[in-house]
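Heads up, the thing below is written out as structure tokens.
Bear in mind that the values in this text are calculations on the coordinates, not laboratory data. For clarity, every value in this text was computed on a predicted model and none was experimentally measured. Note that we place each Cβ from the backbone using ideal geometry, even for glycine, and neighbour counts take in every protein chain shown.
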Amino acid sequence: MIVTELKPLDEILSLISPYSTVLIAGCDGCTQPPRSIKEAENLSRLLELGGRHRDKEFSFKVTTIPKQCDSHLVATTLREQLQGIEAVLSLGCGAGVQTIVRAFPDLIVLPAQNTLFIGMEDREGALLEEKCAACGDCLLGLTGGICPLTSCAKGLLNGPCGGCSNGKCEVDAEKDCAWYLIIKRLEKQGKLDTLEEIHPPRNFQVVMRPGRIIERPLEEVKQ
Amino acid sequence: MNQQAAEQATAIKLNEDYCASCSLCASLCPFEAIKRDPETRKMVLEIEKCQVCGICYSACPAKAIDIFYYDLISLTRYLENARREYDSDTLVVVCKGSSPDFDTAGNLFGVSKFIPLSVPCVGRLSEDIFLKAITSLGIKKIYVLACDENYCRFEKGSALNGRRVTALNLLLERLGFGEDVIVLKRNSAKVKADRDKCIRCGNCVFYCPYEAVKLDGTEPASFDLELCQGCGICVAMCPAMALELEGWEREYISALILELCSQMQQPKVLVFRCQWSTFPLLDDDLEPNVRFIDLPCAGRVDTFHVLQAFAQGVDGVMVVACPAEDCKLKEGSKEAYWGILQLKGKLDQIGLGERLHFCSIAPRYPQSFTQELRQFKEKLEITAEGG
């Protein structure tokens, strides 16, 4: 999932301060817990109260979109709700915000969240951890399903550095050394020999920014 | 804390002078708070274990136990006054756990004009008060709405009440008061899910302390109502607002907030409290600026409603939970604490954090709630002057 966190309310208030009628759009999609209709309702009240503190009256409407990064869902959900709306405040990730911008080019769309990383949630530990760097060259098949790019502080590709002590990382003694885990896992799987293979430095050309995938050539789509 | 607590008056007292050491209280106490001392052979009350269910008080044949809440004297006084006030000879008794208001109970029994009496667990009502009501207070019919036995927050309260009602009906019939003078029904408020609103996030599955929810594949979350204990944690945690708790529906609480706000004088203080954390007295006079919303568990305290109250112009919101170890619903107090802590962090950012107060209170020290409320009000006044 995409992990996001709410911006400081002061910052959101500054962002929306030029506008009076604001639609807060939640996203039921991948973030955990989803910033859905309740988050939108609660944020509207917080901003209303924060606005009053600044002698500014806002009028909020709230809605939620099943997936804010889907242009069709965004267009169909929001179309009916934009009457009189000066700005949309999105509870989606950065992609969600831009999907709304794409669907409604004349609309002011503002982010309520900071988008942090692609991660996994460990509910018991109330923890969200980065698990994927979207590197475009997935190594998980060779590393026992543990990503050295996100889990190793140095993003090393060919085994641990000298800073691994008792399975912990020299950068943070609380953190496991990713390569220690990888080796333990490969050992268990009887696949330690995969480590014999030397990985060349990462090919940063694999993912050009902005990333783009053309699922079908446009000419074909048009036919 | 313990030393300070020990100096406070307790809600239950054991009077050694009257105690015949029959140990009936010990056999009935669901929390093992009363035991016979093996050496002295006397009954000993361990107040820290006591949950103030009142079962011992209602059962003691020697009247050796005093209780602060709903004792025979205050119940009698209430019924005498209510008999005139409501001009009715029908009494409807509900356990707070089975129904938050009397509309549900009235509908269940098919009565509209009655004397309402709401108690935290019907197990605390002794035979005496039923007999007194019928034989000397002019009440002709009593309807009791208890919780289902496996839903009773005090474990044995509902079952005990059931046995009493059976015995009392036999006795009253023989005494010539007619058949089935006391009518008992059972009810328990459980979760209601709107499958269309479910976004399959799994929050309810994770937070339910009773493993009553399942989320399989792409189907919406499904609830096993046999397992549901009605704590409302899932309702408070559902990001899609797809869940409701029977009797404490979101709209009902919202409407109640509006109504209470209109009654209050400034500075307005709204208290959301777990109905097992502190018990209102029958003759409690409400302070003009304080109102209460009793919830089935602190777990049902909803950030949505807290924010609604602030938006309605309430100056301070107090959330009262049971101490975590006393929570009748496993995780309710804990979840309420985290939820309120997070919300407080957000309110801090807009300068309102001081106006939200969370506290844990047990009914065993009746003064602790009043003290906490007074301190919060004083703090609010200082904040108001400062701002």
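Below, the figures for the structure above:
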read-out	value
Hits among lysines - C-alpha to C-alpha of B:K49 under 26 Å, sequence gap 8 or more where chains match	B:K13, B:K35, B:K63, B:K96, B:K156, B:K328, B:K330, B:K334
In Hz, Karplus ³J(HN,Hα) per residue of segment B:356-362 (6.51, -1.76, 1.60; θ = phi - 60°; x = Gly, Pro)	10, 10, 10, 8, 10, 9, 10
For segment A:15-167, share of DSSP beta bridges that run antiparallel, in % to the nearest 5	30 percent
Cα-based reach from B:K268 at 20 Å (exclusive), listing lysines while leaving out same-chain residues under 8 positions away	B:K344, B:K377, B:K379
Between helix A:178-189 and chain A: long-axis angle, C-alpha atoms, 0 to 90°, nearest 10	60 degrees
Per-residue ³J(HN,Hα) for segment A:143-159, Karplus 6.51 cos²θ - 1.76 cosθ + 1.60, θ = phi - 60°, Hz, x for Gly and Pro	10, x, x, 10, 8, x, 5, 8, 8, 8, 4, 9, x, 5, 9, 10, x
Flagged links, alpha-carbon separation over 28 Å, of A:K56/B:K346; A:K154/A:K191; A:K56/B:K192	A:K56/B:K192
Shielding of B:309-322 by partner chains, average beta-carbon count, 10 Å	1
Distant-in-sequence amide H partners of A:I108 (H built 1.01 Å from N, under 5 Å)	A:V88
For B:F292, residues with placed amide H under 5 Å, excluding near neighbours	B:V271
Distance between modelled label sites at B:D87 and B:L286, nm, 7 Å Cα→Cβ extension	2.4 nm
Relative contact order computed over segment B:271-387 (Cα-Cα under 8 Å; 6+ residues apart), in percent	29 percent
Eligible lysines near A:K188 by straight Cα distance, threshold 24 Å, same-chain separation 8 or greater	A:K131, A:K168, A:K175
Chain B: antiparallel DSSP beta bridges as a percent of all, rounded to 5	25 percent
Calculated log₁₀ intensity ratio I(q)/I(0) where the Debye formula runs over C-alpha points of chain A, q = 0.08, 0.10, 0.11, 0.13 Å⁻¹	-0.43, -0.63, -0.72, -0.88
Long-range amide H partners of B:L184 with built H, under 5 Å	B:V144
For A:34-45, mean number of other protein chain Cβ atoms within 10 Å	6
Alpha-carbon centroids, segment B:141-160 and segment B:50-90: separation in whole Å	16 Å
Base-10 log of normalised Debye intensity for the protein assembly as shown (one unit scatterer per alpha-carbon) at q = 0.07, 0.09 Å⁻¹	-0.58, -0.87
³J(HN,Hα), Karplus 6.51/-1.76/1.60, whole Hz, each residue of segment B:19-28, x for Gly, Pro	5, 9, 6, 6, 6, 4, 4, 5, 6, 9
Ordering of A:63-69, B:39-45 by burial proxy (mean other Cβ atoms within 10 Å per residue, highest first)	A:63-69, B:39-45
